[in-house]
Each structure stands twice: as structure tokens, then as C-alpha cells.
Amino acid sequence: MEFSANQIASLVGGTVEGDGNVAVSTFAKIEEGHKGALSFLANPKYSHYIYQTQSSIVLVRRDFVAEHPIEATLIRVDDPYATIAQLLQMVAAMTAPHPSGIEQPSFVGEGVELPEDVYIGAFAYVSAGAKIGKGVKIYPQVFVGAGVEIGEGTVLYPGVKVYHGCKIGSRCIVHSGAVVGADGFGFAPTDGVYNKIPQLGNVVVGDDVEIGANTAIDRAVMGSTRIGNGVKLDNLIQVAHNCEVGDNTVMASQSGIAGSTKIGRGCMVGGQVGFAGHLHIGDNVQIGAQSGISKSTPDGARIMGYPAVEYGEFARQTINLRNLSALYRRVADIEKRLSDTDRS
Amino acid sequence: MEFSANQIASLVGGTVEGDGNVAVSTFAKIEEGHKGALSFLANPKYSHYIYQTQSSIVLVRRDFVAEHPIEATLIRVDDPYATIAQLLQMVAAMTAPHPSGIEQPSFVGEGVELPEDVYIGAFAYVSAGAKIGKGVKIYPQVFVGAGVEIGEGTVLYPGVKVYHGCKIGSRCIVHSGAVVGADGFGFAPTDGVYNKIPQLGNVVVGDDVEIGANTAIDRAVMGSTRIGNGVKLDNLIQVAHNCEVGDNTVMASQSGIAGSTKIGRGCMVGGQVGFAGHLHIGDNVQIGAQSGISKSTPDGARIMGYPAVEYGEFARQTINLRNLSALYRRVADIEKRLSDTDRS
Amino acid sequence: MEFSANQIASLVGGTVEGDGNVAVSTFAKIEEGHKGALSFLANPKYSHYIYQTQSSIVLVRRDFVAEHPIEATLIRVDDPYATIAQLLQMVAAMTAPHPSGIEQPSFVGEGVELPEDVYIGAFAYVSAGAKIGKGVKIYPQVFVGAGVEIGEGTVLYPGVKVYHGCKIGSRCIVHSGAVVGADGFGFAPTDGVYNKIPQLGNVVVGDDVEIGANTAIDRAVMGSTRIGNGVKLDNLIQVAHNCEVGDNTVMASQSGIAGSTKIGRGCMVGGQVGFAGHLHIGDNVQIGAQSGISKSTPDGARIMGYPAVEYGEFARQTINLRNLSALYRRVADIEKRLSDTDRS
């Protein structure tokens, strides 16, 4: 699918400068531009790329002033970044599959009312008592347990499993292989044998949440494991029973949270981070990749390491460790010198 | 569902002290008690909470002596902890789904005999030659490979995959997305290309084992990868080919065991721990979260760190690392002092 | 199934020395040999085991000269290691399941042409426009998205999910629970809320690739996430959007690669390694388990640690850290000595 500069400008309310008939079929970063690609220039730091980019069209601010000749066709808009995001959304809407209807065979239990515009893929299983919102897409091989609630517009990609009694909000995206509501890891040790503690709670996921492929969020022993609104969880993450993740917190792949730990709002957690259980992590905390978090942490902290310390301290420890061989030599020198002095 | 103090007391053989008609519908920790909740007091350390708890009913020992007035209704029993576990089991039995029968469409291969009380969910696939024990629950979208044996009372939650030839014992619980018996990671490098070494063995899982969501246990190259009786594996764990995990060992989420490593009985392994291959880990070993285990370890060891060392040594290393900047300053001071001495 | 020494020798073109009628039904390492097992001796370092092995048959080189009596029957061949690999392949071909045909119910979308020798398991879903090569095996509960291409001879084990538009090469093996082509983790933060950046690209997997159970490879934001020919990825690995993994690189379980990082050819990556985003890792790099890679790395580097450093430096740092308590004491001694000197 190709679009000309004139077509794009009329779509996004921009003005064309240069050849309005030049056409693009893809996007590219301005520094990786090529013929047939659309790029954008939002950050003035990257302005120098516009004079050498191979991209056919570049979106720029209305007030952009060229200092050299530019080969690409320009489209002037209010906010190039917002415009490119809008265009990406339009392309996504055109190119992504739009499955609809109820495919057969699928399994829909007693008492489940399906809104008209829902998609139920073949081999999907919706248990009795589940409540499915408008516009929900349940792809093939998904399992929705008894009494589960799925909010409007939420997408469950192929193979997602949601255990009985869990609630997922509106406009969420849950990727293949994610498991919501499996039993928490709770056992009572008696004479060296572990007896299962029944996990009676559920998982409650807010609105606008994205859950990555093969991520696991366990149900609470009692009450709920809670994922706040706007939370983004990457792939292969573990959230243990009774944890809470605050609104708009993002967490990168393969991180894990042990039982009952509560993480605040607006936090950014790197990949492969581990949290011990029963911690309170404040709001807007930033945590570096692979950190081990063994203590509760106040709002706004920036920590990393194993065990985690404040960013600057982590850098100091790393440098100190690298320089240790030299320190050993310096101490040995001092000892030798003192020993020589003694002897003299 | 509500239960009065009188009803609960008669269920568990306790005696009521206070208002026998007060009713509860949930459980809560004594320190987080609220109206309508049942709590228990087992550990005398927590006795002070009983005078201020908001819970409506508290289970206490028969010999408990109150030192202040208590608002909650008490139920006196022999062992409050055992009683609460018993009540949780009763509630779990009432509230969890109890699917039964053979749902359609499902796939049951030739020569598979299904006991009367088995559950086979829709879209489950049971291959030819599989042996399914009494009371087994095979949820929707489960795959049971050729010749697999599943012991009595075992539950395979939605989407579990068990490759051909593997054996799972009785009363096991396997959570969604767990994969038992995929090929071990074995290749013979020849001129920079890796040729697959066929993985001819299987996985043998004992009785009373729980396997978490999205955990992977690989089949052996020859012989068996073995998971002992009573083992509890959390979510997203990796067990490589030819590993052995001893009876009643518990392992937290996202830990991984490289090929041929043998872990003893009664071990406790934290989250995100990694074991190198071909190790022997003794019985009753405790390992802290995120540790890297590169050496075999005797019975009863308590280790953590990367590379792992004994608990006390890990604490010392952490403190030594934190204090290094001060040590650098002390050495610089000494050097300056000696240099001044020289000059004087 | 039993095979006599004479039968094996005729299969592999070897010559028998000893009792040609002795039979074996399994393989064993020469040092763990037992009656009824076949072993091999390729590495002269292990020659001493041949005089005490309990194995019934041992494959040896044609030029092997015994220095003591040997109980086992010998089969002389050109290359015992290659021969044993050949025999393993033959046994694998005989013992592994060979499903074939189109099982029902399965779902095959419009415009999909299925070659004659393909296997489509029950409850598998092949979307419209998918291209399926000769000899492909699609096990039960697999999802193949719209327009996906699967090359000749590739095996998708039960429950594999491949999102729309992705390409998988020939002779690949993808294990249960692996997810290829879920959305990359891309969001634009605006006023503390994260807006999804549509992920318009795909995943392109080369030929002869093996992908482990529950591994996740995300689609690119634009363009392709690329897995080269001959790459072997173990279980539970994360490959983020726009990453590239070079030909014949092998990566052990639970490692993760953040967005846009490119890894060269012939690399060996240990388990639980984490790579930061936007790095360039050279060819033939070796990385120890649990390392944290935060910087680009030249060809042939051998690194480990968190943050990763060269192997020798990692060993030094580990030793330096272990000896720190002694260094603190030495510095304290020096300080005391200088203080005594001052006072004297």
C-alpha cells in the first residue's frame, strides 16, 4: 500500500513542501531513511539528519527552518511525533487481522451472554458464568474460567489462560501464553512435607493494561492480587500471590515479584529484576536491570545492584571493585615500606 | 456465604466464647482484621493483636488466657493453625470449580481407557496409549502425548503440555502453560554448526508434586529427568535434561537448573537462582534468591550470592563492598602520611 | 527392542570382535555401563574405562589396540562418536511419534494449501493466507496466524503460537508454549500514561533453528526481529522487538535480550544472561551464566559478571572480594602501627 505526500498531508492536516506526488509504503527512523519511507523530525538534536536522509517524506514542525537544501518532501504539522503515532495507529488498524464472529467449534458455557460484536475463536473455551464485555476479542485456544469478567474492548491473544473468578478490565491486551490466576505458591511445612494452602482469592487487572507473552500472575491466597490501571508488563514476568502493582507502572521482561509485595505507581522496572516478598516499593521508583530488591524503598528512589543500592553508589561499588587489584598492591607496598623502615 | 460462630464451632469441634450468632464470610490475618472476617491466633508473639483486632471471630487455643477485654467472639480449639487450614480446605472445596465428564469436542486416541470419574475438557488431546488414573482432571486445551501415564487424582490445568512417554504421579497439580518433556538442549558442534542430539529419554514426576504456570521440565537425552515426591516448583522454572530434584524440595519462581545437576531432598531454593550443570547439591540445602550456583554443595549448606558463598560470608562481602570507598580513603591517607614522613 | 552386535555391525558397517550374539536395548556412557547397554570409546583419555565397563557392547576405532582383556563385545568403526550419533538418530526415528494426516476438528483458513505429507493435529488453527511447506508437522492446539510462512520439514509442537505475518524457515523445531511474534514492548509516555506504539513488523526465523519451550520472540516495531540460520534457543528465553541473533549462535535457558540488540554469529550465551537494549555483540563471543551485558562487545570476547567483564578479570574480582576482610585487617594494622609510631 502506497500513500503520496498529498494524501498523507490531507489525512493529518499538514502542508506539503516539495513533490506532493512522491509516495511512501513504510516508516523509517530519519537516520536510517531510505527511498519509499516516511520519517519524522521532532527532536531538534536530530535536525542535521534531515539534510542527508534518504527518506522520501519527512514530517516536520510547522516552524521548522531549513538551513541547507533538503531532498525529501516535507509535510509540516503541529506535532510530528504525535502525527507519526497517529499514522502508525492507522496502518496498524489496516494491517492487523480483524477477526470477528463466533468460530466453530468453540465452547461457551451456560449463562454466558455474548455481545454482538465479540470475537470468539475456534477452540476457545468460555466457562459458565463468565461476563464478556462489548468488542472483546477471544482468540483461538484461550481459556476463560468460571465467573471470569472481561471488560470492553479487551483482547486475549491465542492460548491465554484466565482461571476462575479473575477480573480483567477494559481495553487490556493479554498476549499468548500469559496465565492469569494460577494458584499462588503457598504451602505449610509439616514434618518436612509441604501441605498446600488453598488459594481462595483471585486476580484483579485494571483498565488499559498490557500483559506480555508467557507472563504469570498468581491468584491471591485470600483477597486479590492487583494490577493497576495502565500497567504494562513485558513477557515472562512472575507476579506472585497477593502482590499489587500500582497504576502506570511498567516492568521489563523476566522480572519477578515475590508474594505480597506492593509496588507503587509510575515505577519503571528493568528486566530480570527480582523483588523479595512483603516489601513496599514507593511511587515513581526506577530500578535497573537484574537488580535484587530485598528492602522496602521510598518514593522516587533510583536503585540497582544485588543487593540493590542507589544508582551512584552502585557505580562507585563497580569502580571500587574494578580497582581492587591496584589497592591490594598499594597496601602490599605500604607493608613492605614499613617493614623496610623497621629493619633500617 | 456466611457462617456463624456457632456453626463454625460445631464444624471444627470448638467452644464459643462471646456472641455465637456473629457471622463471618471471609478470612483475614489478625493484624489486618475487619468486620465479617475470621482470624486465628496460633503464635503467642501475636497475642497483643487480639485486643485490638476488628475481626468478628478469632480462633484461639483452648488454654489461651485473655489479659484484657476482647471484642471478637472467640472459638477455642486444640490447634488454631490446623483448624484454619481445615476451614480453608472446606471453603476451597466449596468454591473451586468441579468439572466432570467428557466434554466435546475432545480427542482421545486409540487404546486409552478412561476411568468413570475422570474429567476431559473440550479441546483436550489425549494421545494413543496414554494411561489415565482415577479421578484425573484434564482441563481444556491440555495435550497428553503418546504413552504418557498420569496417576490418580492428578490435575492438569488448561493448556498443560506433556510430551510422549513421560510419567506424572498421583495427586499432582500442574498449572497452565507448564511443559513436561520437551527436548533437552543437546547439540554436537561440528565445524561451527550444531547438530541435534536426539533426546530419547523422558520425564518422571513423583507423587504430590505441584508444577507452576509456564514451568518447563525437559526430557532426558537417555534415561529420565526426575522430579521426586512432594516437590513444589513455582512458575517459570527451567529444569534441564537429566536433572534430578529430590523429595520435598521447594523451588521459587524463575529459577533454572542446567543439565544433569542433581538436587537433594528437602532443599529450599529462592527465586531466580541458577544452577550450573553436572552439580550435586546435598539434602536440606537453603539457597538465597538470585544466587548463582557453580559448585557442588554439601548437605545442610546455606548459601547465596553470585558466585554463591555461605550466608555469613555473603553478608560480609556485601558490607565490605559498601565500605570500600572509605578503605580507599584510608589507604590514600596512609600513603600521604608516609610520603610526608619521607619528606620531613 | 533388542539388537545384537552382529545386527548393529551390519547397520553401521563395523566389524565385531567377541560374542556377536550379545544384545543391547539401550545406550550408556562407558563409565556408567551396564548389561544390555551399548557404549562408545572415542576419546583416548577414557580408554581405561573399557577394561572395567559393564556395557555389553562398545564401539571403538578400527585402530584401537587393547592393552588388557576386555569383557565387552567390540564393534570397530571409523568414527565411534559419529556412529553413536547415527544410531541415536535411528532409535529416535523409531521411537518418536510419527503423526500424519489432518486430524479433526482442526481449523484451516481460506486460501491455505496443505501439501500431501503435512500433519495438522486436532484443535490446531491455521489462519487464512498461511503458507505451509512440505512435511511440516503442526501439532494439536498450535496457532498459525494470518499470512504466516512455515518452511519445509519444520515441526511446531503442541501449543506453539505464531502471530500473523511471521516467517519460520525450514527444518526448524519449535517447542510447546513458544510464542513467536507477540507485540514488542513499546510505549510512548505522555503525562505519566503509556500509549501503545503499534508493533507493525514481524519475526523472521531462519533454517535449522530450534526454539525452546515457552520462549518468547517479539515482533519488530517496524521491519523484522531476526533469528539466523542454525540458531538454538533454549527454554524460557526472551527476545525483544528488533533484535537480531546471528547464525549458529546458541543461548541457554532464561536469557533475555532487550530491544534492538544485535548478537553476532557463533556466540555461546549461558543461562539467565541479560542484554541491555541497542547493543552490538560481535561474532564468536562467549558469555558466562547470569551475566549482565550493558555494553557492546567485540568479536571473540569472553565475558561474565554483573556488569560483565573479561573472564580473567571476573575471577580476579571474585577473589579480591573474598579476601577483602583480610585487607581491612591489614589496613587497620598499618594504621595502628603508624599511630603507635607517632606516639612513640
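The values are calculated or read from the model by the stated rules, or taken from the named source; none is laboratory data. These figures come from a predicted structure and were not determined experimentally. Positions of Cβ are generated from backbone atoms using ideal geometry, with glycine treated the same way; all protein chains shown enter the neighbour counts.
Does A:Cys267 satisfy the criteria of being over 20 Å from C:Gly256 (Cα atoms), buried (at least 24 other Cβ atoms within 10 Å of the Cβ), in the same structural domain as A:Leu200 (by TED's automatic domain parsing) and out of contact with any strand residue (DSSP E or B) (no Cβ under 6 Å at 6 or more places or on another chain)? Let's see the steps before the verdict.
Details: over 20 Å from C:Gly256 (Cα atoms): yes; buried (at least 24 other Cβ atoms within 10 Å of the Cβ): yes; in the same structural domain as A:Leu200 (by TED's automatic domain parsing): yes; out of contact with any strand residue (DSSP E or B) (no Cβ under 6 Å at 6 or more places or on another chain): yes.
It is true that A:Cys267 is over 20 Å from C:Gly256 (Cα atoms), buried (at least 24 other Cβ atoms within 10 Å of the Cβ), in the same structural domain as A:Leu200 (by TED's automatic domain parsing) and out of contact with any strand residue (DSSP E or B) (no Cβ under 6 Å at 6 or more places or on another chain).
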Taking region A:234-284 and the residues there that are of a type in the set (A, V, I, L, M), touching an Asp or Glu at 6+ places or on another chain (Cβ under 9 Å) and assigned to a loop (DSSP other than H, G, I, E, B), the one that is nearest to A:Val174 (Cα to Cα) would be A:Ala252
Residues in region A:286-323 that are within 11 Å of chain C (Cβ to nearest Cβ), part of a loop (DSSP other than H, G, I, E, B) and either over 24 Å from C:Ala332 (Cα atoms) or under 23 Å from the mean Cα position of the chain (by Cα) (or both) total 5
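Can you report the number of residues in region B:168-185 which are more than 8 Å from chain C (Cβ to nearest Cβ) and part of a loop (DSSP other than H, G, I, E, B)?
The first filter runs over region B:168-185 and keeps only residues more than 8 Å from chain C (Cβ to nearest Cβ), leaving B:168-176, B:178, B:180-181, B:184.
So of that shortlist, the ones also part of a loop (DSSP other than H, G, I, E, B) come out as B:169-172, B:175-176, B:178, B:184.
Number satisfying all stated conditions: 8.
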- Task: Look at B:Ser294 and say whether it is of a type in the set (Gly, Ala, Ser), within 19 Å of C:Asn320 (Cβ to Cβ) and free of Cβ contacts under 8 Å to residues at least 40 places away in the same chain.
- Result: yes
Screening B:Thr297, B:Thr261 for residues that are touching a Phe, Trp or Tyr at 6+ places or on another chain (Cβ under 6 Å), in the same structural domain as B:Ser176 (by TED's automatic domain parsing) and surrounded by fewer than 24 Cβ atoms within 10 Å (Cβ to Cβ) leaves only B:Thr261
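Rundown of residues vs (1) at pLDDT 95 or above; (2) not charged (D, E, K, R), yes/no style:
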{"position": "C:Gln199", "(1), (2)": "no, yes"}
{"position": "C:Asp207", "(1), (2)": "yes, no"}
{"position": "C:Leu236", "(1), (2)": "yes, yes"}
{"position": "C:Ala240", "(1), (2)": "yes, yes"}
Going through (1) over 30 Å from C:Arg219 (Cα atoms); (2) polar (S, T, N, Q); (3) within 23 Å of the chain's Cα centre (by Cα) one by one, A:Ser127 fails only at (3)
Checked region B:62-113 for anything hydroxyl-bearing (Ser, Thr, Tyr), over 26 Å from B:Glu2 (Cα atoms) and in contact with an Asp or Glu (Cβ under 9 Å, 6 or more places away or on another chain); matches are B:Ser100
Reported set for region B:186-215 where residues are in contact with a strand residue (DSSP E or B) (Cβ under 7 Å, 6 or more places away or on another chain), outside any strand (DSSP E or B) and under 23 Å from C:Met94 (Cβ atoms) is B:Ile197, B:Gly201
Touching a Ser or Thr at 6+ places or on another chain (Cβ under 7 Å) and charged (D, E, K, R) - does that describe any residue in region A:241-260? no
Restricted to region C:300-335 and to residues being within 27 Å of A:Ser253 (Cβ to Cβ) and among the β-branched types (Val, Ile, Thr), the residue surrounded by the fewest Cβ atoms within 10 Å (Cβ to Cβ) is C:Val309
Picked from region B:120-167 (must be charged (D, E, K, R) and without any contact (Cβ under 8 Å) to a residue 24 or more places away in the chain), the residue farthest from the other protein chains (Cβ to nearest Cβ) is B:Lys134
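For (1) modelled with pLDDT of 95 or more; (2) under 28 Å from A:Lys196 (Cβ atoms); (3) among the aromatic types (Phe, Trp, Tyr), each residue gets a yes or a no:
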| site | (1), (2), (3) |
| --- | --- |
| B:Val12 | no, yes, no |
| B:Thr15 | yes, no, no |
| B:Asp19 | yes, no, no |
| B:Thr26 | no, yes, no |
| B:His34 | no, yes, no |
| B:Asn43 | no, yes, no |
| B:Ser56 | yes, yes, no |
| B:Ala66 | no, no, no |
| B:Pro80 | no, yes, no |
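Across region A:220-233, what is the number of residues that are polar (S, T, N, Q) and part of a strand (DSSP E or B)? Spell out the reasoning first.
Taking region A:220-233 as the starting set, the residues that turn out to be polar (S, T, N, Q) are A:224-225, A:229.
Those still in the list that are part of a strand (DSSP E or B) too: A:224-225.
Final tally of qualifying residues: 2.
Any residue in region A:324-338 that is among the β-branched types (Val, Ile, Thr), within 7 Å of another protein chain (Cβ to nearest Cβ) and either under 24 Å from C:Ser291 (Cβ atoms) or in contact with a strand residue (DSSP E or B) (Cβ under 8 Å, 6 or more places away or on another chain) (or both)? Walk me through it before giving the result.
The initial filter retains those residues of region A:324-338 that are among the β-branched types (Val, Ile, Thr), namely A:331, A:334.
Narrowing further to those that are within 7 Å of another protein chain (Cβ to nearest Cβ): A:331, A:334.
Checking the rest, the ones that are also either under 24 Å from C:Ser291 (Cβ atoms) or in contact with a strand residue (DSSP E or B) (Cβ under 8 Å, 6 or more places away or on another chain) (or both) come to none.
No, every residue in region A:324-338 fails to be among the β-branched types (Val, Ile, Thr), within 7 Å of another protein chain (Cβ to nearest Cβ) and either under 24 Å from C:Ser291 (Cβ atoms) or in contact with a strand residue (DSSP E or B) (Cβ under 8 Å, 6 or more places away or on another chain) (or both).
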Of the residues in region C:72-104, those that are within 21 Å of C:Ser25 (Cβ to Cβ), away from chain B (no Cβ under 13 Å) and either loosely packed, with under 14 Cβ neighbours inside 10 Å or polar (S, T, N, Q) (or both) come to C:Thr73
Of (1) buried (at least 24 other Cβ atoms within 10 Å of the Cβ); (2) facing another protein chain (nearest Cβ under 10 Å), C:Val221 satisfies every one except (1)
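Give C:Ala188, C:Ala252, C:Ala276, C:Ala216 a once-over and let me know the one that is surrounded by 24 or more Cβ atoms within 10 Å (Cβ to Cβ) and either within 13 Å of chain A (Cβ to nearest Cβ) or touching a Leu at 6+ places or on another chain (Cβ under 7 Å) (or both). Talk me through it step by step, then tell me what you get.
Working: C:Ala188 fails: surrounded by 24 or more Cβ atoms within 10 Å (Cβ to Cβ); C:Ala252 fails: either within 13 Å of chain A (Cβ to nearest Cβ) or touching a Leu at 6+ places or on another chain (Cβ under 7 Å) (or both); C:Ala276 fails: surrounded by 24 or more Cβ atoms within 10 Å (Cβ to Cβ).
The unique qualifying residue is C:Ala216.
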Residues in region A:324-343: is at least one touching a Lys or Arg at 6+ places or on another chain (Cβ under 8 Å), over 17 Å from B:Leu327 (Cβ atoms), of a type in the set (A, V, I, L, M, F, W, C) and assigned to a helix (DSSP H, G or I)? yes
